[in-house]
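Structure record follows, encoded as C-alpha cells.
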Amino acid sequence: MNNGILGKKKVKGIALKTIEEIERIKNSNSSLGSDVVSAAASVSRVFGRYVDYVQFETPKKPAYIILLDYPEKKLQYLHGGITGIAKKYVGKRFSVVMKDLLIEMGNCDGAVVVGEDGKVLRVGAQLTKLDTKKILNERKKEYGDLGSPGRLLGFSNDIGTRHTSALVASYQQEGIKVITLSEETGDLRVYENGRIIASSNENDRIHELKINKRTAQTSFIGKLAALSMF
C-alpha cells in the first residue's frame with residue numbers, strides 16, 4: 001500500500017480538489033478513531049477492567065462514489081438522488097458545498113453527481129444500465145484471462161460493486177471522471193474512460209502510469225542500441 005496517490009499529477013481542477021478534500025476527511029476520521037480507542041483504554045485503567053472501544057460512539061469510515069462533469073442528457077442512467085439531504089445541495093456549485101456535502105455523505109449510500117457546469121445534479125443516486133460484460137470482454141482481449149473480473153478491470157484484487165460501478169460508469173459516459181473511496185480498505189481511486197488513472201493502491205493497474213513506464217524503458221533501450229552502433 002502507498003501512502004500517496006500514484007498518478008495524482010495527472011488529476012486536475014475540481015477532481016484534484018475533490019480527492020484532496022477526501023484525503024483530509026479520511027485523515028481526520030482516522031485521527032478521531034484513534035482518539036476513541038485511547039479513550040476506551042483510559043476508562044479501562046480508571047475502572048480497572050477492560051472496556052471495549054465499540055461501546056463508545058465509534059465513527060464509521062467514510063466511503064464515496066463521485067461522478068464529475070456528468071452530462072445532464074444522460075440523467076436517465078441515474079435513479080433517485082433528489083430527495084432527503086439531496087434537497088440541500090442539488091443546484092449548488094460543488095466547489096462551494098463540497099466540504100459539507102462530503103462530510104454528510106460519508107456515511108450514506110449512493111453517488112454524488114456533479115454536472116458539466118460544476119453544479120450538483122444528484123446526491124445519493126444509484127447508477128443504472130451499467131454494461132459490465134462489454135468492458136470485461138474488451139479487457140480479456142487486451143490482457144488475457146487474469147482469473148477474476150476485478151483484476152481484468154485493473155484492481156489489485158476483487159472489489160465491491162461500488163468500485164466496479166464507478167469504473168464502468170466512466171467507460172460508458174465519455175468525458176466524465178469518477179472518484180471512489182473504499183470503506184473497507186481506504187483505497188482512493190480516480191477513473192476515466194474505463195481505466196484507473198490514479199490510485200492510493202500501488203498494486204492497481206494505473207493505466208497511463210504503466211504506459212509511461214514502458215515508454216521510458218523503451219526509450220532507454222533505444223538509446224543503448226544507438227550507442228552500440230558507434
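The set of residues in the range 109-122 that are surrounded by 15 or more Cβ atoms within 10 Å (Cβ to Cβ) and within 22 Å of residue 29 (Cβ to Cβ) comprises 110, 111, 112.
Of all residue pairs spaced 6 or more apart or on separate chains, those with beta-carbon atoms under 7 Å, a first member in the range 110-124 that is under 13 Å from residue 176 (Cα atoms) and a second member that is small (Gly, Ala, Ser) are 113/81; 113/125; 118/95.
Candidates in the range 127-156 are the residues that are in a loop (DSSP other than H, G, I, E, B) and of a type in the set (Gly, Ala, Ser); of these, the one that is modelled with the lowest pLDDT is 147. With the structure loaded, tell me whether residue 180 is closer than 30 Å to residue 88 by Cα and either buried (at least 20 other Cβ atoms within 10 Å of the Cβ) or at pLDDT below 95 (or both) or whether it fails that test. So residue 180 passes the test. Report, by residue number, each residue of the range 125-162 that is closer than 17 Å to residue 181 by Cβ and of a type in the set (Lys, Arg). Within the range 125-162, just 162 meets the criteria.
Selection of the range 161-179 for residues being in a strand (DSSP E or B) and over 16 Å from residue 126 (Cβ atoms) yields 177, 179.
Under the condition of being in a helix (DSSP H, G or I) and out of contact with any Gly (no Cβ under 6 Å at 6 or more places or on another chain), which residue from the range 180-211 is nearest to residue 110 (Cα to Cα)? It comes out as 207. Taking the listed residues 120, 113, the one that is closer than 19 Å to residue 189 by Cα and either at pLDDT 95 or above or not in a helix (DSSP H, G or I) (or both) is 113, with no other qualifying. Summed over the range 70-108, the residues that are surrounded by 20 or more Cβ atoms within 10 Å (Cβ to Cβ) and aliphatic (A, V, I, L, M) give a count of 6.
The values are calculated or read from the model by the stated rules, or taken from the named source; none is laboratory data. For clarity, every value in this text was computed on a predicted model and none was experimentally measured. Reconstructed Cβ throughout: ideal geometry from the backbone, glycine too, with neighbour counts over all protein chains shown.
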